[in-house]
1. What do you reckon, is LYS42 touching a strand residue (DSSP E or B) at 6+ places or on another chain (Cβ under 7 Å), over 19 Å from VAL118 (Cα atoms) and not in a strand (DSSP E or B)?
2. Criterion first (surrounded by 14 or more Cβ atoms within 10 Å (Cβ to Cβ), among the polar types (S, T, N, Q) and touching a strand residue (DSSP E or B) at 6+ places or on another chain (Cβ under 8 Å)) does GLN23 satisfy it?
3. So which residues in the range 88-110 are in contact with a strand residue (DSSP E or B) (Cβ under 9 Å, 6 or more places away or on another chain), β-branched (Val, Ile, Thr) and more than 14 Å from ILE60 (Cβ to Cβ)?
4. Could you count how many residues in the range 1-20 are touching a helix residue (DSSP H, G or I) at 6+ places or on another chain (Cβ under 8 Å) and either at pLDDT below 90 or of a type outside the set (A, V, I, L, M) (or both)?
5. If you take just the helices (runs of 4 or more DSSP H) that sit entirely in the range 58-159, which of them hold at least 1 residues that are at pLDDT 90 or above and either within 30 Å of ASN3 (Cα to Cα) or not acidic (Asp, Glu) (or both)?
6. Among the residues of the range 27-56, how many are surrounded by 13 or more Cβ atoms within 10 Å (Cβ to Cβ), in contact (Cβ under 8 Å) with a residue 40 or more places away in the chain and touching an Asp or Glu at 6+ places or on another chain (Cβ under 9 Å)?
7. Inspect all residues belonging to the range 71-87 and state whether any of them is touching a residue at least 60 places away in the same chain (Cβ under 8 Å), out of contact with any strand residue (DSSP E or B) (no Cβ under 6 Å at 6 or more places or on another chain) and not polar (S, T, N, Q).
8. Being surrounded by 15 or more Cβ atoms within 10 Å (Cβ to Cβ), in contact (Cβ under 8 Å) with a residue 24 or more places away in the chain and within 21 Å of the chain's Cα centre (by Cα): is that true of LEU59 here?
Amino acid sequence: MRNRARLADGRNAAPSAAIIDSQSVRAAPTVSTSTRGYDAGKKVQGRKRHIAVDTLGLLIAVLVTPASTSDRIAARSPLRRLRSAAGRRVQLIRADGGYTGTLLGWARNTLALTVEIVKRPDLPHFMGDATAVGWNGPRTDHQPPPLRPRLRTTTNDYASTTRQRRDGQ
């Protein structure tokens, strides 16, 4: 199905590049402790899904591990699956900083893949991921998100109302 989607988009059936990343997700308390772990970086108790996609975002390989599993260790399995599913045409894999270290040499020597680490762009200190490419789309004005109404006003209103009731007004 991926090949048909790529051909319909005017691309070669086999991708030449791919992207690998992971996401930690919370697991329900009913999930066995042997299949979940704690991702200290994201403060999540659960599982981590490692996903490899082509440049169109079409799925190539998936692996689910305990959240405590390091990206650079877990990536070997999806990269092997990627190589067998997508063929020899794939040469370049883009990944974030979690995939640095020995994985780069292992992928080059074992699978003949080049793993390119893509650095996160420097953002002003007041912008996080949610405001950079968040729910409302990318922010182009580079301004901090609008502030919520001040809680102090509400507190003062409550205090004056309580004082009026106490004084019998």
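1. The answer is yes for LYS42.
2. no
3. Listed by number, the list holds a single entry, THR100.
4. Number satisfying all stated conditions: 4.
5. Counting at least 1 such residues, we get 71-74, 76-86, 102-106.
6. Final tally of qualifying residues: 1.
7. Checked the range 71-87: at least one residue is touching a residue at least 60 places away in the same chain (Cβ under 8 Å), out of contact with any strand residue (DSSP E or B) (no Cβ under 6 Å at 6 or more places or on another chain) and not polar (S, T, N, Q).
8. In short, no.
The values are calculated or read from the model by the stated rules, or taken from the named source; none is laboratory data. Note that the coordinates shown come from a computational prediction; the quantities given were computed from them, not determined experimentally. We place every Cβ from the backbone using ideal geometry, glycine too, and count neighbours over all the protein chains shown.
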